[in-house]
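S.K.: Questions regarding the structure given below will be posed in turn.
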Amino acid sequence: MSKEESTVPSTPAPPKPAPPKAPAKPAAAAAKPAVPRRSFLSWMTLAWTAFTASMLAAVTATARFMFPNVLFEPPPTFKAGYPNEIQVGQVDERFKQKFAIWLVRTAYDQYANATGIFALSTVCTHLGCTPNWLEAEQKFKCPCHGSGYYKTGVNFEGPTPRPLERFAISLADDGQILVDKSRKFQQEKGEWSNPAAFLKL
Ligand code: FES
C-alpha cells in the first residue's frame, strides 16, 4: 500500500437497514381460546342431571300408570248390629256416614204388612244429595232443593220424582242384621213388598 492511499479517510459504511419487524401476533391467537376444563365439567354435570331427572320422571309416570288411584268403597254386604239395639219408631243413623243407609224400625209397614226393620238409602232420588232426618218433623229433608220424604221413604214435597230406595235386609247366622246394598228395591215398581226388602220381627 502507498502512503497516499493510507491518508485518504475512508468513507463510513452506510447504516444497515433495520430488519423488518415481524408483525405482532394477535392477542387472541397468542392465547388459544380453549374451553376451560371446569366450565366443561359443569356443563356435563348439568346435562347428566337433566337426563337423570327426565328418566326419573318417566319411571314415576310409568309406576303411576301401573298403580292407578283406587277408590276403596265399603263392601256392599255388611252387618249392622242386633235388632234390639233399635227402638220401635226409631231412625238409626249409625250407618249413614259409612254405608249410606238408615235403619228404620217400624211398628207397622204397609208394604210388608208387618212389623220390623227396613234399610233405606240416604241418596236423594232427585239429584243425589244426602237428606237429613228431622226427628221433630218426622221426615227426611234434602238440603239441596228441598225434597221431603216420610219415614217410610215415600216422597211428598219438593222436586224429587220418586221415593228413596230400600236395600235387601235379613238376619245373619249370629243374629245380627245383614244389609245387602247390591240388591235395591223401588216402591214405584212395587218392589217394597218383596220379602227381601223387609226384616220381619
Ligand atoms: Fe235432593 Fe235435589 S238433590 S232435592
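The numbers here are math on the coordinates, done by the rules we state, and not lab data. All of these numbers come straight from a predicted model, not from anything done at the bench. Here Cβ is always computed from backbone atoms with ideal geometry, including for glycine, and neighbour counts include all displayed protein chains.
S.K.: Stick to Cα atoms and the Kirkwood definition of Rh, then tell me Rg/Rh for region 66-189. Display every interim value, and only then the final one.
M.R.: Numbers: Rg = 15.0 Å, Rh = 15.2 Å.
Rg divided by Rh gives 0.99.
S.K.: Which aspartates and glutamates, if any, have their Cα less than 14 Å from the Cα of Lys200, not counting same-chain residues under 8 positions apart?
M.R.: Lys200 reaches Asp109.
S.K.: If you don't mind, there's one more thing I want to ask. Can you compute the charge dipole magnitude of region 133-175 about its Cα centre, using +1 on each Lys and Arg Cβ and -1 on each Asp and Glu Cβ, nothing else charged? Give it in debye, rounded to the nearest 20.
M.R.: Details: 5 positive and 6 negative charges, 54 e Å.
Dipole size: approximately 260 debye.
S.K.: Sticking with this structure for a sec: Among 107-117, 145-155, how do they line up from the highest to the lowest mean number of other beta-carbon atoms within 10 Å? Don't skip to the answer; put the middle values down first.
M.R.: On the way: 107-117: 15.1, 145-155: 17.9.
Those peptides, ordered most packed to least, come out 145-155, 107-117.
S.K.: Right, something else. What pairs from Lys98/Lys141; Lys79/Lys189; Lys96/Lys139; Lys139/Lys189; Lys96/Lys141 go past 18 Å between their alpha carbons?
M.R.: On the way: Lys98/Lys141 20 Å; Lys79/Lys189 27 Å; Lys96/Lys139 15 Å; Lys139/Lys189 22 Å; Lys96/Lys141 14 Å.
Going by Cα-Cα distance, Lys98/Lys141; Lys79/Lys189; Lys139/Lys189 fall outside the 18 Å limit.
S.K.: For the pair Glu191/Lys151, report the inter-label distance in nm, with labels modelled 7 Å from Cα in the Cβ direction.
M.R.: 2.5
S.K.: For a footprinting-style exposure proxy, rank Phe78, Phe72 by other Cβ within 10 Å, fewest first.
M.R.: Numbers: Phe78 17, Phe72 4.
With the sparsest Cβ surroundings first, the list reads Phe72, Phe78.
S.K.: Output the relative contact order of region 138-186, whole-number percent, from Cα pairs under 8 angstrom with separation of 6+ residues. Please list the in-between numbers first.
M.R.: Values: 78 pairs, mean separation 11.5, N = 49.
Relative contact order here is 23 percent.
S.K.: Right, another one. How would you classify region 120-165 from its alpha-carbon gyration tensor, with a ≥ b ≥ c the square roots of the eigenvalues: rounded for a/c under 1.5, else prolate if a/b is greater than b/c, otherwise oblate? Don't skip to the answer; put the middle values down first.
M.R.: Values: a/c = 1.41, a/b = 1.28, b/c = 1.10.
Because its axes are fairly even, with a/c under 1.5, region 120-165 counts as rounded.
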